[in-house]
Amino acid sequence: IARRKAAHLLKHPDAQVISLGIGDTTEPIPEVITSAMSKRSYALSTVEGYSGYGAEQGEKQLRAAIAATYYADLGIEEGDIFVSDGAKSDISRLQVLFGSKVTIAVQDPSYPAYVDSSVILGQTGQFQKDIEQFEKIEYMKCTPENGFFPDLSTVGRTDVIFFCSPNNPTGYAASRDQLTKLVQFAKDNGSIIVYDSAYAMYVSDDSPRSIFEIPGAKEVALEVSSFSKYAGFTGVRLGWTAVPKDLLYSDGFPVAKDFNRIVCTCFNGASNIAQAGGVACVSPEGIKAMHEVVGFYKENTSIIVDTFDSLGFKVYGGKNAPYVWIHFPGRSSWDVFSEILEKTDVVVTPGSGFGPGGEGFIRVSAFGHRENVLEACKRFKQLYK
């Protein structure tokens, strides 16, 4: 995408390119959060306020606040929370934990980091170009026909199941009933679910925000999450992974003990300045401010959905996530990407980048300044009217 955008700008140096492609936030971090980071930063220049290495698992105050804020009454405690420099980093650390011998399943389409980290670890076997799949990965088809939830009766047994809800890129949040089936499927197969809840704050219906809302999930799942899309922390880098004490390997050894070993070996803990921001995020004022930021992006999402709806496209997602998943049946998603870039100077993401199941779709991100989103939608209407 970056190469094609650069080539387009070389060809059209005066083009006013608008990027609704990569899922990067654009709005300022709320002041209640940045002021806490600023205060911590200045404290580091004093003898009393200086701190060096912290606990690799994260500062006690932040771990306790995350547990109380996001997992109240779900049986997840301070000691189950591992603070990190973001969900993406934790996905790779988890792959190091699992090692090269495990088998994995992913939603198709899904966030590329699950597959790419699996390739790096040597889990995947050869890439089969004719079907655009790695031979040893189980691809769980998520299509409009199955409501973007895989038919588990057709899914083979794997050691690890990566599952993102609300999903990137389709924007769909799994229902309580669907997640109950997923948890039972993992129990029946002796699988571990790596549940990515990076967009949970965008849920606007009664879909679960955490896998641990499902009875029995603590025995088969861990959860990765992040402040990136809640507080605009994409550049600050702060997230966490919740690993319940009840999650055990088949020999009875706790997964959390192994993850703790990985964290202590591969990581020196999240930035103490970022963690001060994290504590502010989960304060009452911080939560209110984050909801305002999320609400702004949700309004952007509605504008994009309404635009493509009005043009007669089949539009998916957009309700519980900052992504809109638009169907261009029978067309190559890269061709659609090129058409939109060349004719409107707008960057979107081709669906095939998220797996073979994304072919024929594009993802439009709602992360953008309001004037850019409105201008992009005006250009879409001119192109497809």
ask   = Which one of these is open to solvent by 10 Å² or more (accessible area, probe 1.4 Å), in contact with a Ser or Thr (Cβ under 7 Å, 6 or more places away or on another chain) and among the basic types (K, R): K229, K187, K181?
value = K229
key: Tally, over the range 263-285, of residues that are more than 19 Å from W240 (Cβ to Cβ) and in contact (Cβ under 8 Å) with a residue 12 or more places away in the chain   = 1
message = All but one of (1) closer than 26 Å to A113 by Cβ; (2) in contact (Cβ under 8 Å) with a residue 12 or more places away in the chain hold for D335; state the number of the condition that does not hold.
response = (2)
ask   = Here are some conditions: (1) of a type outside the set (A, V, I, L, M); (2) within 20 Å of the chain's Cα centre (by Cα); (3) open to solvent by less than 40 Å² (accessible area, probe 1.4 Å). G58 meets all but one. Which one does it not meet?
value = (2)
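Suppose we filter the range 108-138 for residues that are closer than 19 Å to G171 by Cβ and not acidic (D, E); how many remain?
Of the residues in the range 108-138, 6 are closer than 19 Å to G171 by Cβ and not acidic (D, E).
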query = Only one of (1) without any contact (Cβ under 8 Å) to a residue 40 or more places away in the chain; (2) among the basic types (K, R); (3) in contact with an Asp or Glu (Cβ under 9 Å, 6 or more places away or on another chain) fails for K288. Which number is that?
reply = (3)
Failed condition for P30, given (1) open to solvent by 50 Å² or more (accessible area, probe 1.4 Å); (2) out of contact with any strand residue (DSSP E or B) (no Cβ under 9 Å at 6 or more places or on another chain) = (1)
ask   = Considering the range 332-359 alone, what residues qualify as being under 25 Å from E138 (Cα atoms) and out of contact with any helix residue (DSSP H, G or I) (no Cβ under 6 Å at 6 or more places or on another chain)?
value = S332, W334, T349, G353, F354, G355, P356, G357
query = If a residue has to be in contact (Cβ under 8 Å) with a residue 40 or more places away in the chain, within 27 Å of G360 (Cα to Cα), not in a helix (DSSP H, G or I) and not small (G, A, S) to count, how many in the range 138-170 make the cut?
reply = 16
key: Residues being outside any helix (DSSP H, G or I) and among the hydrophobic types (A, V, I, L, M, F, W, C) - total across the range 1-55   = 10
ask   = Just checking, which of D206, D251 is more than 22 Å from the chain's Cα centre (by Cα) and of a type outside the set (F, W, Y)?
value = D251
ask   = Does I211 count as buried (at least 24 other Cβ atoms within 10 Å of the Cβ) and either basic (K, R) or modelled with pLDDT of 95 or more (or both)?
value = yes
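Name the residue, out of A186, A198, A173, that is closer than 22 Å to L97 by Cβ and part of a loop (DSSP other than H, G, I, E, B).
A198
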inquiry  = For the condition free of Cβ contacts under 8 Å to residues at least 12 places away in the same chain, within 21 Å of N167 (Cα to Cα) and not assigned by the TED database to the domain that holds A65, what is the one hit in G317, G353, G295?
reply    = G295
message = I'd like the full set of residues that are more than 15 Å from V255 (Cβ to Cβ), among the polar types (S, T, N, Q) and surrounded by 24 or more Cβ atoms within 10 Å (Cβ to Cβ), limited to the range 75-116.
response = S84, Q107, S110
task = Look through the range 254-311, keep the residues that are aromatic (F, W, Y) and open to solvent by less than 20 Å² (accessible area, probe 1.4 Å), and return whichever of them is nearest to the chain's Cα centre (by Cα).
result = Y297
inquiry  = Condition first: among the aliphatic types (A, V, I, L, M), surrounded by 14 or more Cβ atoms within 10 Å (Cβ to Cβ) and either in contact with a His (Cβ under 9 Å, 6 or more places away or on another chain) or touching a residue at least 12 places away in the same chain (Cβ under 8 Å) (or both). Can you find one or more residues in the range 44-53 that meet it?
reply    = no
key: Within the range 307-349, tally of residues that are in a loop (DSSP other than H, G, I, E, B) and acidic (D, E)   = 1
All positions within the range 325-365 that are open to solvent by less than 30 Å² (accessible area, probe 1.4 Å), on the phi < 0 side of the Ramachandran plot and not hydrophobic (A, V, I, L, M, F, W, C) = S333, S338, T344, T349, P350, G351, G357, G358, R363, S365
The range 123-137, subset open to solvent by less than 50 Å² (accessible area, probe 1.4 Å) and part of a loop (DSSP other than H, G, I, E, B), residue farthest from D177 (Cα to Cα) = G125
key: Subset of the range 355-376 [among the polar types (S, T, N, Q) and part of a helix (DSSP H, G or I)]   = N372
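The values are calculated or read from the model by the stated rules, or taken from the named source; none is laboratory data. All figures in this text were calculated on a predicted structure; none of them were measured in a lab. Backbone-built Cβ (ideal geometry, glycine too); neighbour counts: all protein chains shown. What goes into the accessible areas is simple: the full protein's heavy atoms, side chains included, and nothing from ligands, DNA or RNA. Shrake-Rupley method; radii C 1.70, N 1.55, O 1.52, S 1.80 Å.
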